[in-house]
Structures are given as C-alpha cells and as structure tokens.
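The values are calculated or read from the model by the stated rules, or taken from the named source; none is laboratory data. All values reported here derive from a predicted model rather than from experimental measurement. Backbone-built Cβ (ideal geometry, glycine too); neighbour counts: all protein chains shown. Heads up: the accessible areas ignore ligands, DNA and RNA and are worked out on the full protein's heavy atoms, side chains in. Shrake-Rupley method; radii C 1.70, N 1.55, O 1.52, S 1.80 Å.
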Amino acid sequence: MNRAVTILVFIGFFIALPASAQNDNPAYRRGYDSDRNAVVESTRDFLGSTADRLQTSGKAEGEDVVKVTGKYYMPLYSVNLYKGDDGAEFRTDCKRLFAAKYPNAKIKSTAVPQTAWITEEVSKDNKTVGYTQTLYCYIIAEDGFGGYINARFAFKRYKDEGGKYTPLSEYSPKWERADLLSSAIYKKLLKR
C-alpha cells in the first residue's frame, strides 16, 4: 500500500509540473494579452481591407458600372435600341437562360441597349488579322423577395480579315454577370 501511495504522489507531481510552468505573473499575462490582441487587430485589419477590395473589385477595366454606397453595379438598361432582325432571337435566348437559373423571378425588361454590334480589331504582330463583334443583352427582374436582379449576357462573333462573321459558341450567349439588388440600391440606380 505504501508503494501505491508513493506512485500516486509521484504521478501527481508529474501532472502538476506542467501546470506550475504556467506563468501567472500579471506583467507576463498583460504582455501576452497585448501581443495576442495586436495579432487579432492586425488580422482583422487585413481581412477588412481584403473584403473592401473584393467588394469594389466588381469593376473590370473599361466596364460600364456605377458606384453606389461603395460597391460597383451595372447600370439598369430597360430600353431596347437594337433594331436588327436577330434582336428578338437574342432576347429570347437570354430570357431562357435567365428563367432556368431564376425560375421564380418576374422579368420586368429585356433590352439590347446598343444600336449596333461593338466592333474591335484583332491584331497579331501589329497586323490586323480579324474582327470581333459584341452585343450585350440586359435583363431586369424582381426576385420575389423585395429585391431585384440585373443580369448581363454577351453575344460575340468573329471574322478573319476579308471573311464572314461566325458566332463564337461560348458566347451564344454567355452569362457575364448578375447583380442582386436590394430595393434601396435598385431605386438609386433608377435615378442614374
């Protein structure tokens, strides 16, 4: 029995040893807390600035966007200006894709806000080798929960120098962006 007590005391001593290594010195504790708080504050600042960059990174170079309450949104386009024979087909294709993703949303407008395709040269070694053309289609819809959805689709086609335009399959249409808007943001965008 004496041997068992000795072993228990010995085990207790080894269990208590790491606990006694903890420093309960108030000065040490303040320094530790201060260092920990500095790390927490530094991490919070970093994450906050990263979140700000992500929220405002919605603006791509040359993209048509509006800044409202610190974030970038697409303008609201509801007037159809494109008069080409294929305009109705383009709008129908966009509505089909939109309805597949947001079946409960009520579409308010579908518009191609440009009168003609936007043409850009394609160059290689400082020589023009072809052209791309882009046509954008916008859908504004109510999401059924007091908010709105503003979606943009792009159609693109390409032709070699002297050739004929052919649609690019990945852009027939390509869903490029959707902004989910609160009622307040929607009203602000309407005024712009």
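Here are some notes:
- Within segment 62-106, the set of residues being assigned to a loop (DSSP other than H, G, I, E, B) and hydrophobic (A, V, I, L, M, F, W, C) comprises VAL65, MET74, LEU76, VAL79, LEU81, ALA105.
- Matching residues in segment 126-145 - criterion: being within 21 Å of the chain's Cα centre (by Cα) and either over 30 Å from ASN104 (Cβ atoms) or open to solvent by 40 Å² or more (accessible area, probe 1.4 Å) (or both): TYR136, GLU142, ASP143, PHE145
- Close Cβ contacts (under 9 Å, 6 or more residues apart or on different chains) running from residues in segment 171-192 that are in contact (Cβ under 8 Å) with a residue 60 or more places away in the chain and open to solvent by 40 Å² or more (accessible area, probe 1.4 Å) to residues that are among the small types (Gly, Ala, Ser) and in a helix (DSSP H, G or I) are absent.
- Flag if SER123 is over 28 Å from TYR186 (Cα atoms), more than 28 Å from the chain's Cα centre (by Cα) and of a type in the set (Gly, Ala, Ser): yes
- Filter result for TYR131 (in a strand (DSSP E or B), more than 18 Å from ARG177 (Cβ to Cβ) and not hydrophobic (A, V, I, L, M, F, W, C)): yes
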